[in-house]
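Engineer: One structure coming up, written as C-alpha cells, with questions to follow.
Every read-out reported here was derived from the displayed coordinates using simple, explicitly stated rules and does not represent laboratory data. From a predicted model like this one, the values you see are computed outputs, not experimental measurements. Cβ atoms come from the backbone with ideal geometry, glycine included; neighbour counts cover every protein chain shown.
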Amino acid sequence: MSLYKMIAIDIDGTLLNSKSELTDKTIEILKTATEKGIYVVLTSGRISTNVRNFCEKIGANQYLIAENGASIINLQTGEIEYSKYLSKDVVNKVLDICEANSIYYMVYTQKELIVKNIKYMSLFFYKQNYNPNARIKQVVAGRDYINDCTEKFTKLMICDEDRSVYKSIVKKLKEIEEIDITPVPHVSVKKLNLDGEEKEIKYSYADISAAGSNKWTAIEYLADKLGIRREEIIAIGDNINDLYMIHNAGLGVAMDNGSPYAKRVANVIAPSNDKDGVAQIVEKYVLRWRLFLRR
C-alpha cells in the first residue's frame, strides 16, 4: 500500500474546533507529519493572508490553497503559483443582480473583505474570527470603491435570511457563465457574544468563484507539479465547498460534524472537530502506517 504524500485540510469546521480554536494535539500531529516529509496543505475558503497564520502554527511551510481554490501560494517564496480570479466585469454582473434584488453580498480580494454594511457572515468574522495579525482589512464601502479597486477579486458571497429570496437569486446567478456558484443547502446558524449577550443569527449563503475554480482543481494542479498521484492524497473537509476534493482524493474524509452531503461522498468519517478529528485521521492513516512499514 502506497504512503500518502499530501494531506489537504479545510480550516473552519475541520482543522478548528467549534470555538474556532486550533488545539495543541492537532498542532503536534500536523507538525510531526510535516517533519516526516508529508505535504500538509491548508485548503480554505479564507483569504490567503488569514490562512498563513494557521500554516505557521502547524509548521506547514510549503504551500497553501486559499479562496476556495482560486489561488495557490508558495510559502517559501511568497509567490502566487496558480490563480483563477473573477474579473471586475463579472463581479459587476453579479452585484447588479444582488442590488436589483436587495440581497446582501460580500466581495473578497486577497487583502480585503468589502461589504456595504456588517451583517451575517461579515458580523461573525468581525466579532469572532478577526485576528489583527492576519492583515485582513474589512472595508465598509459601495460600488465606487469596488470599481476603483486594483486588487484581484477572489470570490463573492451572497447571504439572506429569507430562504425563498435566496433561492431565487441563486437561480438567476447560475445563468452567468463565467462563474461557479456553490449554494449551501442548509441554513447557517452562528452564535455571537454581543455586548455580553449571546445572540443567534441565521441565514442562507452561497460562494461564488470563477468558473472552474474549486479546491480540488487547485489540489490537482499542485499534486501534478509535485509528482504526487491522486491515490497519494488525503482530503479532509466538512462542507459543500469540500465536496470535489473529498470525492476525488485517494482518501476522502468528512468530519462527523460536517454536512451530510460531504459525508455521502467520503471514504471515511472522522471524529468531530471537537474531538481532534483531523489529528486522529493523520495519526491513523499517515503516522502509524509509516511506523508499521518500518518494522
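Engineer: Helix-only mean residue ellipticity at 222 nm, the chain, DSSP H runs n ≥ 4 weighted -39,500 (n - 2.57), per residue, nearest 500. What is it?
Structural biologist: Numbers: 11 runs with 95 residues, N = 295.
Rounded to the nearest 500, it is -9000 deg cm²/dmol.
Engineer: Output the peptides 279-287, 178-186 sorted from most to least packed, where packing is the average of other Cβ atoms within 10 Å over each peptide's residues. All intermediate terms of the calculation are to be shown ahead of the outcome.
Structural biologist: Details: 279-287: 18.9, 178-186: 16.7.
Going from most to least packed, we get 279-287, 178-186.
Engineer: Sticking with this one: Considering the dipole of the chain built from charges on the beta carbon (Lys and Arg +1, Asp and Glu -1) around the Cα centre, which of Gln62, Ile281, Val91 is farthest to its positive end?
Structural biologist: Checked the options; the winner is Ile281.
Engineer: Magnitude of the Cβ-charge dipole of the range 88-210, K/R +1 and D/E -1, about the Cα centre, nearest 20 debye?
Structural biologist: Working: 20 positive and 19 negative charges, 49 e Å.
Magnitude of the dipole: close to 240 debye.
Engineer: Which angle between 0 and 90 degrees, to the nearest 10, do you get for helix 215-226 versus the longest principal axis of the chain when only C-alpha atoms count?
Structural biologist: For 215-226 against the chain, the angle is about 40 degrees.
Engineer: On a 25 Å Cα-Cα criterion, which of the cross-link pairs Lys174/Lys215; Lys25/Lys202; Lys19/Lys172; Lys84/Lys263; Lys93/Lys152; Lys152/Lys215 come out too long? Before the final figure, lay out the partial values.
Structural biologist: Numbers: Lys174/Lys215 19 Å; Lys25/Lys202 32 Å; Lys19/Lys172 35 Å; Lys84/Lys263 27 Å; Lys93/Lys152 16 Å; Lys152/Lys215 18 Å.
The answer is Lys25/Lys202; Lys19/Lys172; Lys84/Lys263.
Engineer: Return the Cα extents of the chain along principal axes one, two and three, sorted largest first, each rounded to a whole Å.
Structural biologist: 65, 43, 36
Engineer: Sort the following peptides by mean Cβ neighbour count (other Cβ atoms within 10 Å, averaged over residues), highest first: 80-93, 60-73.
Structural biologist: Details: 80-93: 17.3, 60-73: 24.8.
Listed from highest to lowest mean packing, they are 60-73, 80-93.
Engineer: Could I ask something else about it? Under a Cβ-only charge scheme (Lys and Arg +1, Asp and Glu -1), can you give me the dipole magnitude of the chain about the Cα centre, in debye to the nearest 20?
Structural biologist: That gives a dipole near 660 debye.
Engineer: On average, how much area does the Cα convex hull of the range 88-210 cover when viewed from any direction, in nm²? Don't jump to the answer; show the numbers that get you there.
Structural biologist: Details: hull surface 31.0 nm².
So the mean shadow area of the Cα hull is 7.7 nm².
Engineer: Next up: Of Thr77, Ala141, Ile7, which is farthest towards the positive pole of the chain's charge dipole, taken about the Cα centre with +1 and -1 on the beta-carbons of Lys, Arg and Asp, Glu respectively?
Structural biologist: Ile7
Engineer: Can you give the extra length, in nm with one decimal, that the chain gains between Arg288 and Ser87 once fully stretched, where that is 0.36 nm per residue apart less the Cα-Cα distance?
Structural biologist: On the way: separation 201, 0.36 × 201 = 72.36 nm, distance 4.55 nm.
Residue separation times 0.36 nm, minus the Cα-Cα distance, leaves 67.8 nm.
Engineer: If packing is taken as the mean number of other Cβ atoms within 10 Å per residue, what is the order of 111-118, 143-150, 169-176, highest first?
Structural biologist: 111-118, 169-176, 143-150
Engineer: Here is a follow-up. To the nearest 0.05, what FRET efficiency results for Lys190 and Ser102 with a Förster distance of 22 Å applied to their C-beta separation? List each step's numbers first, then the result.
Structural biologist: On the way: r = 22 Å, r/R0 = 0.98.
Efficiency, from the Cβ-Cβ distance: 0.50.
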